[in-house]
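Data first, discussion second: the structure below is written as structure tokens.
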Amino acid sequence: MTNERSNMKIVVIGGTGLIGSKVVNKLNAQGYKVVAASPDTGVNTVTGEGLSEALKSASVVVDVSDSPLWEDNAVMEFFTTSTRNLLTNEAAVAVGHHVALSVVGTDRLSESGYFRAKIAQEELIESSSIPYSIVHATQFFEFLKKFADISSAGDKVRVPPVFFQPMAAEDVASAVARIAVGPPVNGIVEIGGPEQFRLDELVRRRLATLNDPREVIGDAQALYGGAHVSLKTLVPYINAQLGETRFESWLTRAAA
Ligand SMILES: NC(=O)c1ccc[n+]([C@@H]2O[C@H](COP(=O)([O-])OP(=O)(O)OC[C@H]3O[C@@H](n4cnc5c(N)ncnc54)[C@H](OP(=O)(O)O)[C@@H]3O)[C@@H](O)[C@H]2O)c1
């Protein structure tokens, strides 16, 4: 078994990022041969630099990269160019499983430039010849502060008071690592947190623990990443795989 694992090469694109670095650690600890690929390690999926070398004899590619810029055209350019380059290089070495991390509700958020780019990324994967698994995760607890920042005007943060079921980055990484070494589902797997909240309530709690004085206002007209959302847009369907970490215990750990 150990020998089998050490012969199975898994390339993690975005392997230096929040989720990617955790996926790399988990797969390494399980004995797989793991390569963390990102511009920092000399692999750029947009320019193609270092890509064919990194993918040599790879069995699985896990794409947990993100665009450095979230402006509409930049993010579309990033996910389409990067995904095309990846899939072409994977086909050349007969990669057996392409795993990509996307977001619960992506298909319901096409008013947003970021989510149009994630939809385009998913369509490229679905129409490629590589067996795949697309993991739809809910928002990470770690993302709440950045979300408050992009929803702020002065000292007010306006967010829609919709249902929200975020999860710890650690649990996202565990699920991605588990799915990466399983068989391709050739479809979408949904993952989420163990509890549901209202989005405004959670942003308020996160900012309070950071002693951030901004006022969080639940506003039904407020947009989420540029898109209108309804009560259940951001939560998974009932058969999602759930992470274990509760928000309060994550908050306590984050504060420590
Ligand atoms: N935020 C959320 O709540 C949420 C929820 C569900 C799903 N997601 C998805 O999760 C994924 C990962 O998010 P994250 O927060 O872990 O991202 P992150 O911490 O920002 O990391 C992004 C990674 O992408 C790499 N990267 C950037 N440009 C690259 C390029 N040209 N070629 C190769 N790698 C490149 C970065 O490498 P360098 O460090 O070298 O630049 C870094 O390793 C995203 O696709 C996102 O859509 C996010």
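Of the accessible area of the chain, with the probe set at 1.4 angstrom, what percent is carbon plus sulfur?
Here it works out to 52 percent.
Using the heavy atoms of the protein chains and a 1.4 angstrom probe, tell me the accessible area per residue for the chain in square angstrom.
Using a 1.4 Å probe on heavy atoms only, each residue of the chain averages 46 Å².
Starting from 0.36 nm per residue, how many nanometres of slack lie between E195 and L69 once their C-alpha separation is accounted for?
So the extension gain works out to 42.3 nm.
Could you tell me how many cubic angstrom of Cα convex hull volume region 1-130 has per residue?
102
Treat every Asp and Glu Cβ in the chain as -1 and every Lys and Arg Cβ as +1, leave all other atoms uncharged, and give the resulting dipole magnitude about the Cα centre to the nearest 20 debye.
With Lys and Arg at +1 and Asp and Glu at -1, about 500 debye.
Between T88 and K56, what is the spin-label point distance in nm, taking each point 7 Å from the Cα along the Cα→C-beta axis?
The modelled label-to-label distance comes out at 2.1 nm.
Once you sort the root eigenvalues of the Cα gyration tensor of the chain as a ≥ b ≥ c, which label holds: rounded (a/c under 1.5), prolate (a/b larger than b/c) or oblate (the other case)?
It is prolate, given that a/c is not under 1.5 and a/b is the larger ratio.
What relative contact order, as a whole-number percentage, does the chain give when Cα pairs under 8 Å and 6 or more residues apart are counted?
18
Please report the spacing between the Cα centers of region 81-148 and region 192-241 in Å, no decimals.
Comparing the Cα centres of region 81-148 and region 192-241, I get a distance of 22 Å.
With r defined as the distance between the Cβ atoms of N186 and K33 and R0 fixed at 22 Å, what FRET efficiency is calculated, to the nearest 0.05?
So, using R0 = 22 Å, E works out to roughly 0.35.
The values are calculated or read from the model by the stated rules, or taken from the named source; none is laboratory data. Computed from a predicted structure; not experimentally measured. In this analysis, Cβ positions are derived from the backbone assuming ideal geometry, glycine residues included, and neighbour counts consider all displayed protein chains. With ligands, DNA and RNA removed, areas are computed over all heavy atoms of the protein, side chains included. Shrake-Rupley method; radii C 1.70, N 1.55, O 1.52, S 1.80 Å.
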